[in-house]
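Undergrad: Structure provided below as structure tokens; questions to follow.
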Amino acid sequence: MKALVTGSSGHLGEALVRTLQAQGREVLGLDFVPGAFTTALGSITNRDLVRRSLAGVTTVFHAATLHKPHVATHTRQQFVECNVTGTVVLLEESHRAGVGAFVCTSTTSTFGDALQPPPGAPAAWITEDIMPVPKNIYGATKLAAEALCQEFQRNEGLPCLVLRTARFFPEADDSRDARRAFSDDNLKVNEYLHRRVELEDVVSAHLQAAAAAPSLRFGRYIISATTPFSAADCAALRADAAAVIRQLVPEYEAEYAKRNWTMYPSLDRVYVNDRARRDLHWQPRHDFRSMLGLLRSGAEPRSNLARQVGAKGYHQEKFTEEPYPVA
């Protein structure tokens with residue numbers, strides 16, 4: 001397999017290139033930002049560059065994107081050009097080049113307002129069957145890119161799988177309230193219960209998707225850590241999340257007490273990865289319990305791969321309130 005990884009100077013792109021290289025596979029990284037794992041420098045909207053980069057490629061991992069933190073600094077048109085036009089160029093040229101598997105990195109942000117049930121309602125049990133309701137240009141353009149992948153599979157025969165990834169960024173949270181309520185590691189470990197995934201597991205999901213794409217042809221999959229909850233827990237999670245967690249994972253209390261950490265009082269959504277584990281034969285290694293194990297051993301609550309890649313940031317400039325501009 002010769003692979004093309006777009007966004008190779010970013011978190012996931014670098015992690016994919018690192019992993020593929022370590023496996024002895026031929027890989028080319030494409031990004032408009034220079035990086036140690038980027039070999040072709042330029043935009044995914046540059047058709048000539050994309051066409052040259054796809055020579056001999058059998059698998060495309062499309063991770064390049066404008067992200068949610070760019071909403072305050074980039075125009076809607078810039079989002080369309082990167083996330084939609086760039087995806088069209090890649091799909092057209094991948095079909096032309098005879099690519100056998102196209103894996104598109106999407107986001108759980110496509111669900112948008114569907115992630116926030118009204119007051120008093122149970123936590124939302126988020127599967128691939130939930131109808132997305134994008135609430136900003138980021139979610140809207142990623143959903144459009146997903147639809148393009150489906151159209152190319154249907155009409156051109158290009159095998160395309162879409163992975164809706166949960167949070168895996170190492171930077172501080174983009175919510176001012178969350179940053180004030182929790183220390184960074186406390187917040188991130190909490191999120192493994194319902195809305196976070198480890199970078200190493202995101203990479204393994206992409207590799208499994210590439211292997212499965214020729215037989216599956218098309219599909220959308222939520223890529224998140226395996227939750228300890230069931231759908232029957234959703235009402236209780238909205239009312240008193242800590243009580244549910246004490247019952248299911250009682251060992252968390254001692255580790256949290258050592259660090260003066262706190263648990264969420266309430267959860268509004270739970271991401272469900274059942275379909276990805278079933279269809280892709282994906283076996284994520286990291287979840288809330290594994291993070292507690294790392295804490296007990298004195299280790300950081302992150303994989304070796306995540307530590308190697310580190311924090312990338314999303315902007316070159318500095319802002320009054322770090323780490324993101326306030327929209």
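The values are calculated or read from the model by the stated rules, or taken from the named source; none is laboratory data. None of these values were measured; they are calculated from a predicted model. Positions of Cβ are generated from backbone atoms using ideal geometry, with glycine treated the same way; all protein chains shown enter the neighbour counts.
Undergrad: So which of VAL50, VAL33 is surrounded by 16 or more Cβ atoms within 10 Å (Cβ to Cβ) and either modelled with pLDDT under 95 or among the β-branched types (Val, Ile, Thr) (or both)? Even if it seems obvious, please write down each step before you answer.
TA: Details: VAL33 fails: surrounded by 16 or more Cβ atoms within 10 Å (Cβ to Cβ).
Just a single option satisfies the conditions, and that option is VAL50.
Undergrad: How many of the residues making up segment 12-41 are among the hydroxyl-bearing types (Ser, Thr, Tyr) and touching a His at 6+ places or on another chain (Cβ under 7 Å)? Don't jump to the end; show me each part of the working.
TA: Going through segment 12-41, the residues among the hydroxyl-bearing types (Ser, Thr, Tyr) turn out to be 19, 38-39.
Keeping just the survivors that are touching a His at 6+ places or on another chain (Cβ under 7 Å) gives none.
So the count comes out to 0.
Undergrad: If only one of GLY24, GLY13 is farther than 21 Å from GLY219 by Cβ and surrounded by 24 or more Cβ atoms within 10 Å (Cβ to Cβ), which one is it?
TA: Values: GLY24 fails: surrounded by 24 or more Cβ atoms within 10 Å (Cβ to Cβ).
From the options GLY24, GLY13, the qualifying one is GLY13.
Undergrad: Taking interchain pairs and intrachain pairs at least six residues apart, which have beta carbon atoms under 9 angstrom, with the first residue in segment 235-249 and closer than 19 Å to PRO117 by Cβ and the second crowded, with 17+ Cβ neighbours inside 10 Å and acidic (Asp, Glu)?
TA: Between residues of segment 235-249 that are closer than 19 Å to PRO117 by Cβ and residues that are crowded, with 17+ Cβ neighbours inside 10 Å and acidic (Asp, Glu), the close pairs are LEU237/ASP268; ARG238/ASP268; VAL244/ASP233.
Undergrad: Regarding ALA172, is this residue of a type in the set (A, V, I, L, M, F, W, C), closer than 30 Å to GLU253 by Cβ and at pLDDT below 95?
TA: yes
Undergrad: Could you please tell me which pairs satisfy a Cβ distance under 8 Å, a separation of 6+ or placement on different chains, a first residue in segment 49-67 that is more than 23 Å from GLY139 (Cβ to Cβ), and a second residue that is charged (D, E, K, R) and buried (at least 20 other Cβ atoms within 10 Å of the Cβ)?
TA: The qualifying pairs are VAL50/GLU93; ARG51/GLU93; LEU54/GLU93.
Undergrad: When the residues of segment 259-303 are narrowed to those that are in contact with a helix residue (DSSP H, G or I) (Cβ under 8 Å, 6 or more places away or on another chain) and assigned to a helix (DSSP H, G or I), which ends up farthest from GLU198 (Cα to Cα)?
TA: ARG259
Undergrad: Taking into account only those residues within segment 250-300 that are β-branched (Val, Ile, Thr) and under 16 Å from ASP233 (Cβ atoms), which is surrounded by the fewest Cβ atoms within 10 Å (Cβ to Cβ)?
TA: Let us first name the residues in segment 250-300 that are β-branched (Val, Ile, Thr), namely 262, 270, 272.
Those left that are additionally under 16 Å from ASP233 (Cβ atoms): 270, 272.
Values: VAL270: 24, VAL272: 22.
Out of the qualifying residues, it is VAL272.
Listed here are the residues, each with its yes/no results for (1) assigned to a strand (DSSP E or B); (2) within 30 Å of VAL270 (Cβ to Cβ); (3) in contact with a helix residue (DSSP H, G or I) (Cβ under 8 Å, 6 or more places away or on another chain); (4) at pLDDT below 95.
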{"site": "VAL57", "(1), (2), (3), (4)": "no, no, yes, no"}
{"site": "PHE61", "(1), (2), (3), (4)": "yes, yes, yes, no"}
{"site": "ALA64", "(1), (2), (3), (4)": "no, yes, yes, no"}
{"site": "HIS74", "(1), (2), (3), (4)": "no, no, no, yes"}
{"site": "VAL84", "(1), (2), (3), (4)": "no, yes, yes, no"}
{"site": "THR87", "(1), (2), (3), (4)": "no, yes, yes, no"}
{"site": "HIS95", "(1), (2), (3), (4)": "no, no, yes, no"}
{"site": "VAL99", "(1), (2), (3), (4)": "no, no, no, no"}
{"site": "PHE102", "(1), (2), (3), (4)": "yes, yes, yes, no"}
